[in-house]
Amino acid sequence: MQILNAVIPVAGLGTGLLPSTKSQPKEMLPVGRKPVVQYVVEEFETAGLRRILFVTGRSKHSIENHFDRDLELIRSLKAAGKLDRIEELRYEETHVQFFYTRQSEPKGLGHAIAHAEHFAGKEPFVVGLGDSIIRNHGSASVVERMVKCFEKHNAACVIAFEEVLREQVSFYGIADPAAEGDEFPVRDLIEKPSVEEAPSNLAIAARYVFSPRIFDAIRRTKPGKLDEIQITDAMRILIKDGHPVYGVRLAGGEHRYDIGNFESYFKTFIDFALADQKFGKAVEKYLREKFGGAHGS
Ligand code: UTP
């Protein structure tokens, strides 16, 4: 079985990055040279996914424009002889077909994913959060490993997990793993536990594979605080019903960057600017001089 469908929810309000996100999507904020969501689309294309549904909301039109071919821009770049700039638009020639639907009220990730029911039909699908990049230095990406795990165990759901520092568990959904290893059955998920309560330091890392069973589980999920339907609660229903739910760890060299608050956004931007082929060295030199200067004074 080959999974071709993916869903990228981008309908959140992005209030953690106000005022930047008042009239532009946080998923379009630049990280290095590209907007965050372009990394997600490229990751999915590389993993063999071919149909992507964006669950969008108000003031998210720029996402649609970003993935559309802009022939007028290409024509004027050609006329001006700026062929190197045209290279920067190569991503528009993708093998992926895009679909869009609106979540008219941001009532949580579970509620956003429910909008993919007709798109998915009877097929399994991948979900990637539009504000999170998974940086991969290895060969098979985490999504490819998750899809393999999904098929091997005939799973209802596979979740990506990243090890976080013990004192940070209260910021994340945390796994109660039923076994050790890179791939494990999930016994339970605990949303934002205290350090004492946390059964592990494995945090949900913005990528999921779902069978269409998830839609029934979402329907049975009671809204939590702020009337939001959380996908973690729906996945717990799958576990309670006895369906196989698995976790796949990010590998060494893979890291999840979530740009949802300014601290993580700034750190993410710096990491990607440092890795830039053309300007990375200059940025590094600049930072070293600054850092050295602060020490010296
Ligand atoms: P977050 O909860 O981190 O994003 O969702 P948010 O709601 O925009 O954040 P704050 O709290 O206001 O700062 C992670 C991803 O899921 C999408 C978001 O757009 C983001 O890319 N999302 C979230 C939805 O599509 N719909 C929702 O109802 C909630």
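Read the figures in this text as sums done on the coordinates, not as results from a lab. Every value quoted in this text rests on a predicted model; they were computed, and no experiment measured them. Positions of Cβ are backbone-derived with ideal geometry, glycine not excepted, and every protein chain shown enters the neighbour counts.
Would you mention how many residues in region 67-110 are away from the ligand (no atom under 16 Å from the Cβ), assigned to a helix (DSSP H, G or I) and touching a residue at least 24 places away in the same chain (Cβ under 8 Å)? Lay out the reasoning, then the answer.
Kept after step one, since they are away from the ligand (no atom under 16 Å from the Cβ), are these residues of region 67-110: 68-97.
Those left that are additionally assigned to a helix (DSSP H, G or I): 71-79, 83-87, 90-92.
From what's left, touching a residue at least 24 places away in the same chain (Cβ under 8 Å): 91-92.
Adding up the residues that qualify gives 2.
The single condition among (1) among the hydrophobic types (A, V, I, L, M, F, W, C); (2) away from the ligand (no atom under 16 Å from the Cβ); (3) closer than 30 Å to Asn154 by Cβ; (4) within 17 Å of the chain's Cα centre (by Cα) that Ala198 does not meet is (4). When Asp131 is tested against (1) acidic (Asp, Glu); (2) more than 29 Å from Tyr172 (Cβ to Cβ); (3) within 16 Å of the ligand (Cβ to nearest atom), only condition (2) is not met. Just checking, which of Val41, Val37, Val55 is surrounded by 14 or more Cβ atoms within 10 Å (Cβ to Cβ) and part of a strand (DSSP E or B)? Residue meeting the stated conditions: Val55. Summed over region 150-182, residues that are of a type outside the set (Val, Ile, Thr), buried (at least 22 other Cβ atoms within 10 Å of the Cβ) and over 16 Å from Lys192 (Cα atoms) total 5.
Out of everything in region 133-148 that is over 19 Å from Asn5 (Cβ atoms) and polar (S, T, N, Q), what residue ends up being surrounded by the most Cβ atoms within 10 Å (Cβ to Cβ)? I'd like the intermediate steps shown before the answer.
Taking region 133-148 and keeping what is over 19 Å from Asn5 (Cβ atoms), we get 133, 135-140.
Among the residues that remain, those that are also polar (S, T, N, Q) are: 136, 139.
Numbers: Asn136: 19, Ser139: 7.
Of everything passing the filter in region 133-148, Asn136 is surrounded by the most Cβ atoms within 10 Å (Cβ to Cβ).
Restricting region 15-33 to residues that are closer than 26 Å to Met146 by Cβ and within 7 Å of the ligand (Cβ to nearest atom) leaves a set whose member that is surrounded by the fewest Cβ atoms within 10 Å (Cβ to Cβ) is Lys26.
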